[in-house]
Every structure is written in C-alpha cells, then in structure tokens.
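**Student:** Handing you a structure now.
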Amino acid sequence: MPPIFWTVILLVCSNVFMTFAWYAHLKNMSDKPWWLAAIASWGVALFEYMLQVPANRIGYTVLDLPKLKILQEAITLTVFVPFAIFYMGQPLKLDYLWAALCIMGAVFFIFRS
C-alpha cells in the first residue's frame, strides 16, 4: 500500500481517539471533578499519539508539512461531525456543510500545485 494510504488510515484512527479524549468526558464524566476527566482524557490521548506520530512520519515521506496539516484538518472534521451528531447527540446543522466546504477549499488550494 502507498504511504498516503497508511497516513490517512492512521490519521482517521488517531482522530477518533483524539475526539474522544477531547470531548467524550463532557458526556461521560460531567459529574466528576475536572482533574479526573483530564487524567482519563490523557489516557485516551496516549493511544491517539501512538497512531498520530507514525501517521505523520509516514505522511511526511510523501507530503510536505502544509499538505500533511491540511489533510489532518480535513480528517478531523470528517471524524468530528459524526461524533458530534451520533455520540454527543448534537443536531445536524447546515453549518457543518459550510465548514466542510471551507476545509475542502483549503485542501484544494494546498494540494493544487
């Protein structure tokens, strides 16, 4: 498989962990002290880093840094929107479409050369 494939797969998996580390405590640990939520989030974030670091190292062999970052941002939005809707119970908003179009614009401009 090409390096870009592994980069995308690892970044998607990394972003799932990252999103849970950053936001799941708002739903699951709202009755707990903030520092306990922070420790739990740190534990989840360890798995995120175990995927994100190799993803960036692999990706950097075929992409320059701006492309790697914009790719990661596009993946973040792709992971976050379903998480917000299905896990956190947030309403589906047209603003998600506009945000996605802005990110896709960034992807276009950074990858066009």
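**Student:** Inside segment 26-48, can you point out the residues that are without any contact (Cβ under 8 Å) to a residue 24 or more places away in the chain and within 16 Å of the chain's Cα centre (by Cα)?
**Tutor:** Listed by number, the residues that qualify are S41, W42, L46.
**Student:** Tell me yes or no: at least one residue of segment 36-43 is of a type in the set (S, T, Y) and surrounded by fewer than 15 Cβ atoms within 10 Å (Cβ to Cβ). First the steps, then the outcome.
**Tutor:** Taking segment 36-43 first, the residues of a type in the set (S, T, Y) are 41.
Narrowing the set further to residues that are surrounded by fewer than 15 Cβ atoms within 10 Å (Cβ to Cβ) leaves none.
Checking segment 36-43: not a single residue is of a type in the set (S, T, Y) and surrounded by fewer than 15 Cβ atoms within 10 Å (Cβ to Cβ).
**Student:** Tell me, which residue of segment 49-68 that is farther than 10 Å from S14 by Cβ and surrounded by 15 or more Cβ atoms within 10 Å (Cβ to Cβ) is nearest to the chain's Cα centre (by Cα)?
**Tutor:** Checking each candidate, the answer is L68.
**Student:** From L71, L92, L77, which residue is surrounded by fewer than 15 Cβ atoms within 10 Å (Cβ to Cβ) and out of contact with any strand residue (DSSP E or B) (no Cβ under 7 Å at 6 or more places or on another chain)?
**Tutor:** L92
**Student:** Moving on. Any residue in segment 12-25 that's closer than 19 Å to L71 by Cβ: show its pairings with residues that are of a type in the set (F, W, Y) at Cβ separation under 7 Å, as long as the two are six or more apart or on different chains.
**Tutor:** Short answer, once both residue conditions are applied: F17/F47; T19/F80; T19/F83.
**Student:** Name the residues in segment 95-113 that are exposed (fewer than 14 other Cβ atoms within 10 Å of the Cβ), of a type in the set (F, W, Y) and under 28 Å from L26 (Cβ atoms), would you?
**Tutor:** Of everything in segment 95-113, just one residue is exposed (fewer than 14 other Cβ atoms within 10 Å of the Cβ), of a type in the set (F, W, Y) and under 28 Å from L26 (Cβ atoms), namely W98.
No lab work stands behind these numbers, since they all come straight from the coordinates. From a predicted model like this one, the values you see are computed outputs, not experimental measurements. Glycine also receives a Cβ, built like all others from the backbone with ideal geometry; neighbour counts cover every protein chain displayed.
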